[in-house]
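Everything below concerns the one structure shown next.
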Amino acid sequence: QVQLVESGGGLVQPGGSLRLSCAASGNIFRIYSMAWYRQAPGKQRELVARITSGGSSNYSDSVKGRFTISGDNAKNTVYLQMNSLKSEDTAVYYCNIGLRFSTYWGQGTQVTVSS
């Protein structure tokens with residue numbers, strides 16, 4: 001079994017910053033990728049950013065230049081630094097880890113951008 005614990009969500013004003021964290025624990029031999037997704041009300045879940053174990057990363061066009069994903073392989077933890085937040089970034093953010101034959105999801109953390 002693998003457990004993911006997310007933290008760092010909350011309410012922030014437009015233009016503000018938040019940092020999300022997701023720590024994985026359990027039966028993990030090797031993590032191949034770590035990612036953040038988000039789902040806004042009435043919309044499909046979408047990929048925000050992904051980073052591989054080798055350090056390669058990619059971002060959705062909507063967050064490029066504002067968000068940064070990073071990972072700590074020793075701690076099995078992935079972070080998402082979110083700057084210059086906009087109201088359209090409001091969503092539940094989910095972390096995802098990819099192992100060799102399976103993927104796991106966190107429980108989600110709410111991010112609300114509002115004045």
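The values are calculated or read from the model by the stated rules, or taken from the named source; none is laboratory data. Just so it is clear, the model here is predicted, and its values are computed rather than measured. Virtual Cβ from ideal backbone geometry, glycine too; neighbours counted across all protein chains shown. The area values use the complete protein model at the heavy-atom level, side chains included, leaving out ligands, DNA and RNA. Shrake-Rupley method; radii C 1.70, N 1.55, O 1.52, S 1.80 Å.
Give the residues of region 19-39 that are open to solvent by less than 30 Å² (accessible area, probe 1.4 Å) and not small (Gly, Ala, Ser), sorted by residue number.
LEU20, CYS22, ILE31, MET34, TRP36, ARG38
With respect to GLN107, is the statement that it is under 15 Å from the mean Cα position of the chain (by Cα), in contact (Cβ under 8 Å) with a residue 40 or more places away in the chain and assigned to a loop (DSSP other than H, G, I, E, B) true?
Working: under 15 Å from the mean Cα position of the chain (by Cα): yes; in contact (Cβ under 8 Å) with a residue 40 or more places away in the chain: yes; assigned to a loop (DSSP other than H, G, I, E, B): yes.
Criteria met by GLN107.
Quick grid of which residues meet (1) closer than 16 Å to GLY10 by Cβ; (2) touching a Cys at 6+ places or on another chain (Cβ under 7 Å); (3) not aliphatic (A, V, I, L, M); (4) not in a loop (DSSP other than H, G, I, E, B):
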{"site": "GLY42", "(1), (2), (3), (4)": "no, no, yes, no"}
{"site": "LEU47", "(1), (2), (3), (4)": "no, no, no, yes"}
{"site": "ARG50", "(1), (2), (3), (4)": "no, no, yes, yes"}
{"site": "LYS64", "(1), (2), (3), (4)": "no, no, yes, no"}
{"site": "THR68", "(1), (2), (3), (4)": "no, no, yes, yes"}
{"site": "TYR79", "(1), (2), (3), (4)": "yes, no, yes, yes"}
{"site": "LEU85", "(1), (2), (3), (4)": "yes, no, no, no"}
{"site": "GLU88", "(1), (2), (3), (4)": "no, no, yes, yes"}
{"site": "ASN96", "(1), (2), (3), (4)": "no, no, yes, yes"}
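This table checks each residue for (1) within 27 Å of GLN1 (Cα to Cα); (2) surrounded by fewer than 16 Cβ atoms within 10 Å (Cβ to Cβ).
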{"position": "SER60", "(1), (2)": "no, yes"}
{"position": "MET82", "(1), (2)": "no, no"}
{"position": "ARG100", "(1), (2)": "yes, yes"}
{"position": "TYR104", "(1), (2)": "yes, no"}
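Given the criteria open to solvent by 60 Å² or more (accessible area, probe 1.4 Å), out of contact with any His (no Cβ under 7 Å at 6 or more places or on another chain) and closer than 30 Å to SER115 by Cβ, does GLU46 qualify?
On the way: open to solvent by 60 Å² or more (accessible area, probe 1.4 Å): yes; out of contact with any His (no Cβ under 7 Å at 6 or more places or on another chain): yes; closer than 30 Å to SER115 by Cβ: yes.
Judged against the criteria, GLU46 is a match.
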